[in-house]
């Protein structure tokens, strides 16, 4: 069976990772515009990195839960809005990360991207190991478009799969929320750029 699953923050909640929009969601206590936008990072990279360092420490203690493990056992292809890497740790072989990965960093100077599992961070904000430039989390923030390669692959998988499941997400955040409709409605790829910059979720 060709199974594709779209997952969101709810699938990792049982692992102890707070959701963003739920009753106890992170955005109830933190302001996205202060922590998850390019403008916030330019204004105060230390504050942004302190928040991400806190999140990385929280995620480092989490373990894949039954949902992660079951999806891995089903050999599902995962399209995820999560940045925690728990699907990979559960053994899922193919994961499309729409919003990046909190364990990857990208240099604002040389542009190189690489994995960084240091917890806690020894220096905040951290510096690039190649050029000593300022690093940022390799995640998608409010005001940024989703990576086109991941989005196009997600679209292709959604259109071609036999079964498409949605787990742990309300489906109201776009463009990810459109993916379950693609097979039925045959939405064309030119539709996506209309949503990318204005309504895409940011972490």
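The values are calculated or read from the model by the stated rules, or taken from the named source; none is laboratory data. Only a predicted model underlies this, so the values are computations on that prediction, with no experimental measurement involved. Cβ coordinates were reconstructed from backbone atoms using ideal geometry, including for glycine residues, and neighbour counts include every protein chain displayed.
Of 138, 154, 150, which residue is in contact (Cβ under 8 Å) with a residue 60 or more places away in the chain and surrounded by 16 or more Cβ atoms within 10 Å (Cβ to Cβ)?
None of the other options fit; the residue is 154.
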- Residue hits (the stretch 37-54; out of contact with any helix residue (DSSP H, G or I) (no Cβ under 7 Å at 6 or more places or on another chain) and either buried (at least 20 other Cβ atoms within 10 Å of the Cβ) or on the phi > 0 side of the Ramachandran plot (or both)) are 49, 52
- Since residue 136 meets every condition but one in (1) touching a strand residue (DSSP E or B) at 6+ places or on another chain (Cβ under 6 Å); (2) assigned to a helix (DSSP H, G or I), which condition does it not meet? (2)
- Message: Looking at (1) at pLDDT below 95; (2) over 16 Å from residue 41 (Cβ atoms); (3) assigned to a loop (DSSP other than H, G, I, E, B), which one does residue 151 not meet, given that it meets all the others?
- Response: (3)
- Note on the structure: Residue count, the stretch 28-44, condition over 21 Å from residue 145 (Cβ atoms) and modelled with pLDDT of 95 or more, comes to 0
- Message: Being in a strand (DSSP E or B), touching a residue at least 12 places away in the same chain (Cβ under 8 Å) and surrounded by 13 or more Cβ atoms within 10 Å (Cβ to Cβ): is that true of residue 119 here?
- Response: no
- Message: I'd like the full set of residues that are crowded, with 20+ Cβ neighbours inside 10 Å and either over 25 Å from residue 119 (Cβ atoms) or in contact with a helix residue (DSSP H, G or I) (Cβ under 7 Å, 6 or more places away or on another chain) (or both), limited to the stretch 55-70.
- Response: 64, 67, 68
- From 130, 142, residue being over 16 Å from the mean Cα position of the chain (by Cα) and closer than 24 Å to residue 56 by Cβ: 130
- Task: Please enumerate the residues belonging to the stretch 105-116 that are over 15 Å from residue 56 (Cβ atoms) and part of a loop (DSSP other than H, G, I, E, B).
- Result: 108, 109, 110, 111, 112
- Item | Flag if residue 102 is surrounded by 19 or more Cβ atoms within 10 Å (Cβ to Cβ), part of a strand (DSSP E or B) and at negative phi | yes
